[in-house]
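Each remark here refers to the structure printed beneath this line.
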Amino acid sequence: MKVQKRDGRIVPYDAEKIRIAIQKANAVVEAGERASAGRIEGIIRHVEEEAGDVMAVEAIQDMIEEQLVKHNKYALAKKYMIYRYQRALLRKSNTTDESILKLIRNENKEVAEENSNKNPRLASIQRDYIAGEVSRDVTRRLLLPENIALAHEDGVLHFHDADYFIQPIFNCCLIDLENMLDHGIVMNGKLIEPPKSFQVACIVTTQIIASVASNQYGGQSVAVKHLAKYLRRSRLKYERELKSEFSGKIGEAELERVVEIRLQDELRSGVQTIQYQINTLMTTNGQAPFVTLFLEIDPEDAYVEENVKIIREILNQRIQGIKNEQGVYVTPAFPKLVYVLDECNCLKGGEYDPVTRLAVQCSAKRMYPDYISAKKMRENYEGNVFSCMGCRSFLSPWKGRDGRYKWEGRFNQGVVSINLPQIGILARRDEGKFWELLNGRLELCREALMCRHKALLGTLSDVSPIHWQYGAIARLEKGQAIDPYLKGGYSTLSLGYIGVYEMTYLVKGVSHTSPEGKCFALQVMRHMKEAVDRWRAESGLGFSLYGTPAESLCYRFARIDREKYGRIENVTDKGYYTNSYHIDVREKVNAFDKFLFESEFQDISTGGAISYVEIPNMANNLEALETMVRYIYGHIQYAEFNTKSDYCHVCGYDGEILINGDMEWECPQCHNKDHRRMNVTRRTCGYLGENFWNDGKTREIKSRVLHL
């Protein structure tokens with residue numbers, strides 16, 4: 001038996017869909033009105049007996065309603081009919097026309113604030129956003145189950161990246177750069193062989209990054225250490241060439257000095273290629289690639305000295321910055337930098353401490369890099385150290401058939417985030433009710449995440465050769481399905497969460513930084529972690545708990561809840577919810593205590609975690625910053641610094657951005673008033689959009705990215 005869908009497609013009949021639909025109706029009627037398991041099976045048999053070879057889905061639903069009425073299940077039949085009606089409304093309702101017209105007129109502020117790396121005034125980016133609006137509409141009306149679509153609209157959960165869900169595109173990944181460089185790749189039908197020099201390796205790497213970014217939604221990470229062997233190849237090449245030309249004509253010392261000069265010049269050019277290419281390339285979705293460079297020093301690595309030279313050059317060039325159109329050196333948004341602290345470089349007398357001091361100088365001037373503690377990471381990931389993905393999510397440990405852990409060449413299938421404060425609002429200080437609601441909504445999130453997984457099942461490698469055929473993820477044959485890489489924990493499905501602070505305040509009446517509040521908050525965190533662990537055990541899929549950076553989601557959930565439940569002091573009245581487990585920005589806490597407190601939550605949120613602290617301008621106080629970096633190594637897995645310094649991207653002014661008589665932001669140096677060209681929130685996040693006044697009309701900045 002086959003079923004004809006509403007869009008004309010013919011698909012195999014699946015009795016399980018009938019069971020699920022009736023069970024959902026069962027769940028919302030009194031016990032006496034419910035259909036028993038036996039009755040449901042009887043209805044299914046009736047449908048199968050009456051059906052022909054191909055049957056329209058509407059005809060099947062009509063038969064189900066008739067059988068429910070025949071057996072006097074009137075309330076149940078009514079609920080089932082309402083479900084059909086709501087689903088039909090979702091399918092018929094067109095939501096794209098006005099949103100697309102607003103895009104063209106530059107009136108869609110929500111889109112403009114969604115991504116600071118995309119300028120919605122550009123035609124190429126508008127084209128990508130238009131496609132995204134169409135995808136959201138089709139996803140809502142046709143692709144998602146009604147309960148998931150409605151839960152997303154009501155702010156129960158957030159179904160991330162719906163603007164790409166219509167296509168078989170996943171979220172973030174760790175590029176297997178070593179495999180791609182060592183074995184060669186194909187781009188646009190042209191073979192690119194393994195590089196023979198550092199400069200060529202850097203060029204190929206940027207080509208890979210651009211191609212990968214064009215074929216997935218989220219960020220990507222690249223381990224810089226894989227370029228080290230090519231720097232040595234360049235050295236050996238220069239030694240051969242110069243010895244062949246000048247042997248016996250100049251001394252060994254002079255020869256070595258010339259080799260070093262040439263090598264240093266190639267090193268500088270190669271790193272510059274990466275930095276400028278990443279910031280000037282435009283992917284097919286109209287933006288620069290969202291890429292992170294992972295800077296790790298492993299003393300046991302055969303190419304450690306070359307790797308250290310590359311890291312030094314990356315940091316030096318980042319300290320200098322990149323010139324903008326006015327010729328002023330500014331901080332580039334990409335690539336993001338993540339620097340690993342280990343015993344050899346944690347500023348406690350290690351051999352590579354000088355490299356870390358250079359990283360600290362970079363942090364003081366440019367607020368990059370972020371820092372990972374190898375010590376803490378080994379505690380959480382079975383002794384391993386590896387990069388987060390571009391979206392700052394982390395993979396779960398996974399071993400191949402050879403028994404070795406594998407990190408690079410893996411990816412995240414998608415993310416669904418739960419609105420914890422909304423559960424607290426509905427619980428009304430009833431802790432028992434809170435846990436009941438939490439469990440129900442966690443199961444809803446699981447169902448939504450399974451939609452992510454099922455949407456990718458059956459995808460063929462041909463949809464993105466750079467990922468599936470040429471090594472970024474795998475080297476599959478043409479026409480081969482990617483299904484093995486979706487199962488067994490090879491890739492992850494992430495449960496994000498927003499508002500631990502507000503949730504705790506609503507249920508306990510105190511902040512999660514208080515002893516009572518902390519106990520409750522950690523209990524909730526462990527409960528969510530146990531849930532994703534259970535999902536993983538039951539399904540064999542890589543579920544994980546992800547403390548996402550969240551960006552505008554903190555505002556979306558707060559806005560929805562204020563509209564539905566009104567102004568709630570210390571919750572919806574702020575205009576935002578705190579990101580994941582973070583301490584609310586209004587609480588006064590020093591940087592060390594903040595890191596120490598949040599580290600306990602990071603250890604539970606192993607699918608992704610990030611903590612940051614506000615610091616003043618540290619350019620003249622590197623010793624204090626070094627103290628914080630040493631503290632990071634011993635206490636927290638992932639940390640970054642933010643600064644309150646304002647920054648004008650037009651003239652390079654680095655100081656306080658003033659407010660003129662018309663209550664507009666204005667640079668005191670060049671008088672720029674364009675918010676997209678002026679970072680008046682946080683130099684580190686690169687946000688270039690609108691900011692907000694607080695109720696007292698004082699100069700309090702509430703960025704949609706960092707809400708600080």
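The values are calculated or read from the model by the stated rules, or taken from the named source; none is laboratory data. Everything numeric here is computed off the predicted structure, so don't read it as measured data. Counting neighbours? That spans all protein chains shown, and the Cβs are built from the backbone with ideal geometry, glycine included. All accessible areas refer to the heavy atoms of the entire protein, side chains included, with ligands and DNA or RNA removed. Shrake-Rupley method; radii C 1.70, N 1.55, O 1.52, S 1.80 Å.
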- Task: Residue by residue through region 267-284, note down the ones that are buried (at least 19 other Cβ atoms within 10 Å of the Cβ) and either touching a Gly at 6+ places or on another chain (Cβ under 9 Å) or small (Gly, Ala, Ser) (or both).
- Result: GLY270
- Of those in region 499-520 that are in contact with a Leu (Cβ under 8 Å, 6 or more places away or on another chain) and in a helix (DSSP H, G or I), the residue nearest to ARG559 (Cα to Cα) is GLU502
- Query: Across region 549-596, which residue is modelled with the lowest pLDDT among those that are of a type in the set (Ser, Thr, Tyr) and surrounded by 15 or more Cβ atoms within 10 Å (Cβ to Cβ)?
  - Reply: SER552
- Report, by residue number, each residue of region 299-333 that is surrounded by 15 or more Cβ atoms within 10 Å (Cβ to Cβ) and on the phi > 0 side of the Ramachandran plot. GLY321
- Item | So GLN264, is it at pLDDT below 95, open to solvent by 10 Å² or more (accessible area, probe 1.4 Å), part of a helix (DSSP H, G or I) and closer than 20 Å to ILE311 by Cβ | no
- Message: Tell me yes or no: at least one residue of region 381-393 is in a loop (DSSP other than H, G, I, E, B), of a type in the set (S, T, N, Q), touching a Gly at 6+ places or on another chain (Cβ under 9 Å) and at pLDDT below 95.
- Response: no
- When you go through ALA210, ALA228 one by one, which is the residue that is over 23 Å from the mean Cα position of the chain (by Cα), outside any strand (DSSP E or B) and small (Gly, Ala, Ser)? ALA228
- So which residues in region 153-175 are at positive phi and either modelled with pLDDT under 90 or open to solvent by 20 Å² or more (accessible area, probe 1.4 Å) (or both), if there are any at all? ASP161
- Item | Selection from region 317-353 of residues that are under 25 Å from LYS375 (Cβ atoms) and either small (Gly, Ala, Ser) or assigned to a strand (DSSP E or B) (or both) | LYS336, LEU337, VAL338, TYR339, VAL340, LEU341, GLY349, GLY350
- Query: Given the conditions (1) in a helix (DSSP H, G or I); (2) touching a strand residue (DSSP E or B) at 6+ places or on another chain (Cβ under 7 Å), which single one is not true for GLN216?
  - Reply: (1)
- In region 530-561, the residues that are under 19 Å from TYR581 (Cα atoms), assigned to a helix (DSSP H, G or I) and of a type in the set (Phe, Trp, Tyr): TYR555, PHE557
